[in-house]
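Read the structure below first, then the notes.
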Amino acid sequence: MTPPGEIVSASRAEARLYLEKAKQFLEEAQTASASERYDAAMLNSIHAAISAADSVTSALANRRSADPDHQRAADLLQQVAGASEEIGTRVRQLRALLTKKTAVEYESRKTTPREGRDAVQRARRLVEWAEEVVSRTRI
């Protein structure tokens with residue numbers, strides 16, 4: 001695992017704010033997918049996943065990644081949340097989305113319907129998991 005990069009303090013109360021952002025991005029991703037705007041669905045899914053990870057790391061460790069390389073957010077999530085199978089699954093879901101970020105933002109290739117729908121599903125699972133984690137911390 002790569003060192004987690006630039007880390008900043010985040011209060012446990014901010015975990016709810018990051019979770020709300022994650023929900024907003026997810027909602028937009030779902031709307032875009034339903035309207036067959038798969039590039040928008042993909043990018044909003046990626047941002048939902050990043051905000052979900054920020055929510056979890058804020059809730060559990062009072063910190064979040066501020067590194068320009070968003071893979072560091074996955075590294076921090078893995079570091080903070082431990083090596084459980086559940087966490088490993090969530091980290092893999094996040095990494096799978098993050099690998100698409102450059103392509104969807106900066107390359108000319110369009111996101112396929114299958115890729116767009118898959119991204120929304122991955123983001124949905126991450127956001128739902130973040131909701132559970134934040135709820136368990138009783139912030």
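Checking each residue in segment 77-106 for being hydrophobic (A, V, I, L, M, F, W, C) and under 12 Å from the mean Cα position of the chain (by Cα) picks out L77, V91, L94, A96, L97, L98. Residue count for segment 12-35 under the criterion of being out of contact with any helix residue (DSSP H, G or I) (no Cβ under 7 Å at 6 or more places or on another chain) and either over 14 Å from A123 (Cα atoms) or of a type in the set (A, V, I, L, M) (or both): the result is 4.
Quick one: in segment 122-139, of everything that is basic (K, R) and touching a helix residue (DSSP H, G or I) at 6+ places or on another chain (Cβ under 9 Å), which residue is modelled with the lowest pLDDT?
We begin by selecting, within segment 122-139, every residue basic (K, R); these are 122, 124-125, 136, 138.
From what is left, the residues that are touching a helix residue (DSSP H, G or I) at 6+ places or on another chain (Cβ under 9 Å) are 122, 124-125, 136.
Details: R122: 96, R124: 98, R125: 96, R136: 91.
In this case the residue turns out to be R136.
Somewhere in segment 94-106, is a residue of a type outside the set (K, R), within 20 Å of E131 (Cβ to Cβ) and crowded, with 21+ Cβ neighbours inside 10 Å? Yes, segment 94-106 has at least one match. Of all residues in segment 10-36, those satisfying the criterion of being in contact (Cβ under 8 Å) with a residue 12 or more places away in the chain and outside any helix (DSSP H, G or I) are A10, S11, E36.
Condition first: under 16 Å from V91 (Cα atoms) and either free of Cβ contacts under 8 Å to residues at least 12 places away in the same chain or touching an Asp or Glu at 6+ places or on another chain (Cβ under 8 Å) (or both). Now tell me which residues in segment 55-66 satisfy that. Step through it out loud before you land on a result.
Going residue by residue through segment 55-66, those that are under 16 Å from V91 (Cα atoms) are 55-58, 60, 64-65.
If the condition is that a residue be under 16 Å from V91 (Cα atoms) and either free of Cβ contacts under 8 Å to residues at least 12 places away in the same chain or touching an Asp or Glu at 6+ places or on another chain (Cβ under 8 Å) (or both), then S58, R64, S65 are the ones that fit.
Evaluating R37 against the criteria (1) surrounded by fewer than 23 Cβ atoms within 10 Å (Cβ to Cβ); (2) modelled with pLDDT of 95 or more; (3) within 18 Å of A130 (Cβ to Cβ); (4) of a type outside the set (S, T, Y) leaves one unmet condition, (3).
The values are calculated or read from the model by the stated rules, or taken from the named source; none is laboratory data. Since this is a predicted model, take the numbers as computed values, not measurements. Counting neighbours? That spans all protein chains shown, and the Cβs are built from the backbone with ideal geometry, glycine included.
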